[in-house]
Amino acid sequence: MTSIDTGGKPPQNNPQSPALSTEPRWKRQPFANHWRSHAEDFDACKIGMWLFLTTEVLLFAGIFVAYAVFRMWYPEAFANGSHHLDVHWGALNTVILLISSFTVAASIRNAQLNQQGLLKINLSITLFCALLFMIIKFTFEYAPKWAEGKRPGVWFSYPFAADPNEHIWWSLYYSATGIHALHVLIGAAVLFVILLKSFKGWYGPKHYTGIEVAGLYWHLVDVIWIFLFPLLYLIH
Amino acid sequence: MADQQHQGPAGSPTSDKEKLGFDPADPHGFHEGEEHGHHILSMRMLVTILALLLLLTGLTVGSAQAEIVIAEELGITIPQWVNVAVAMTIATIKAILVVAFFMQLYYDTKLNTMILLFCLLTFGLFIGFTSIDMGNRDRIYSWKDGQHTPGGTGGLGLERSAFDQDGNPRFTAVLGPDGEDTGRVRRAREEVSDAITEFSSDPEVARSRLSPEVFERLRRYHEHKKAYRPAPSPNRVTDLSSPRLFAPPDDEEGDANN
C-alpha cells in the first residue's frame, strides 16, 4: 500500500487514483461507507433494483388492466385490430429480445469469471439486438400502420375499420408497445454506459453490481414483452 | 463473512476474527454461510434456458396459428378462453424461466422473491377486483347492462344478461336514477348512427344493413322499459342528437325530449 491520506477512513473506501495504481478498476472499486462489505453493498443495490422493478411492473399493470377492461367491452374491435398485426414481426422481436436477455445473463457470467473480452462482446450483441428491435418496431410496424391511418384515438383515420371502436384497440396498442419501446431505449442507454465503463475495466469478479442491476432492468423489459406479445399478436 | 474479498473495518485485520473468536464486522454471525448474489450460472444452463424460451415462443405462435387452421379446415371453433389460457400459461412459464434463472431469483435472497410476489399480489388485486366489477355489472342493475359486451375470455362460458332466453327481464330492474337506460340502447343508437354515416343517409337503407340483433336489442329494451319504468323525472337529460330510427312498440321514448 502506498501511503495516501485517507482522511481517517478505511483505506478500502478510498480508491487510489489511477495514476498511482495499475490494478484494474474493479479491484479498487469501493463499497459505500455505510456498508460493512462488498456483499452488503451488492445486496442492497439489488434489493433497491427489485423495489424499482415492482414499480415498473405496476406501471405496466395499469396497461394490462386497461387491456382487459377494453377487451371485455369491445371484443370485436380487439379481434379486428389484432388481425392487422403481423405475427412474424412480433415473433421475430420476441426472439431478438430473448437472445439479448441471454447475452446480458452471459455478460454477468463473464464479469464474474473476469472474461473481459467476452464481456464486451456480449454487451455489444445486446445493444445490437436492442437496435434491431427498435428498427423493426418503427420501420415495419409503426410507420406503415400510421401511414394507413391505423392511429390511436382521435387520429384514427383508417377507412376500412370493421368495428366502430377500433381506435380504442389502436390507442392501447400504441401506448403499450410505445411505453415498452421507451423502456427498451432506456435499457439500451444504460447498457451502453455499462459497455463504455467495461472498456475502462470497471467490472470484474469482485465488482459487477452495475451489470447485474442493468441486467435486471433489461430482463424485466423482456418479461413485459413476453406478456405483450401474445396479448397483442396472438389472442384474436 | 462468506465474501472472500471482505476485509475488516479499519484497524481490525482479518486475524482479529481468530483472536477474538468472532468476526468484528459481523459479531452476531448474521451473514455467516451466505453465498447469495454470487452464483455463477454455467454456460450450459444459460443456453438451456434460452433454448427453452425459444421453444416456448414457437409453441405459443404455433398454437395460435393452429387455432386458425383448425377453424378453417375442420370447421371446429375452439372456445376463445382456451386460446387465452394456453397463450397466458406459456407466457407465464417463459416469464418464470427468465425471472428465476436469467434474473437469478432462484439463487438470490428470499427477500427479493417476497418483494416480487407482493408486487404480483397487488397486481392480482388490481386486475381481479376490476374483473369482478366488469364481469358482473349487469347482474343487479339491468340498466347497466350494455355498458360492456360479453367478451374477453368469452365470459368463461357464461352469457350474462339482464334478459333471460325468452327475452324477459331477469330482475325487476332499477332503471337508474332518472329512468334512462344508459347502456344497451345507447350502444344500439350508436350503431344506427354509424350505419347511417357509413352506408347511406337513408334510414331505411341503413336499417337494412344492420344486424337484426341490434333491433332485437332495441325491441326488448322498449318492452322492458315499458313494464318497469318509473315516472319520468323532469330533470332527465336525453341525447337529442341521436337518430330515432326504431319506433318502439308503444312510443314513450322521447317524451321528455319535447
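The values are calculated or read from the model by the stated rules, or taken from the named source; none is laboratory data. These numbers come from a predicted model, not from an experiment. Cβ atoms come from the backbone with ideal geometry, glycine included; neighbour counts cover every protein chain shown.
For A:Arg36, the criteria (1) part of a helix (DSSP H, G or I); (2) basic (Lys, Arg); (3) buried (at least 18 other Cβ atoms within 10 Å of the Cβ) hold in every case but one, which is (1). Criterion applied to A:Gly153, A:Gly178, A:Gly215 was being in contact with a Ser or Thr (Cβ under 8 Å, 6 or more places away or on another chain), surrounded by fewer than 19 Cβ atoms within 10 Å (Cβ to Cβ) and either closer than 22 Å to A:Tyr67 by Cβ or modelled with pLDDT of 95 or more (or both), and the one residue passing it is A:Gly153. Can you name the number of the only condition in (1) farther than 22 Å from A:Tyr67 by Cβ; (2) modelled with pLDDT of 95 or more; (3) touching a helix residue (DSSP H, G or I) at 6+ places or on another chain (Cβ under 6 Å) that A:Lys206 fails? Against the list (1) farther than 22 Å from A:Tyr67 by Cβ; (2) modelled with pLDDT of 95 or more; (3) touching a helix residue (DSSP H, G or I) at 6+ places or on another chain (Cβ under 6 Å), A:Lys206 comes up short only on (2).
Exactly one condition in (1) at pLDDT below 90; (2) under 30 Å from A:Tyr203 (Cα atoms) is not met by A:Ala44; state its number. Condition (1) is where A:Ala44 drops out. With respect to A:Leu92, is the statement that it is surrounded by fewer than 18 Cβ atoms within 10 Å (Cβ to Cβ), at pLDDT 90 or above, farther than 21 Å from A:Tyr233 by Cα and within 11 Å of chain B (Cβ to nearest Cβ) true? No, not satisfied.
For the stretch A:53-73, filtering for residues that are more than 7 Å from every other protein chain (Cβ to nearest Cβ) and in contact (Cβ under 8 Å) with a residue 60 or more places away in the chain leaves 8.
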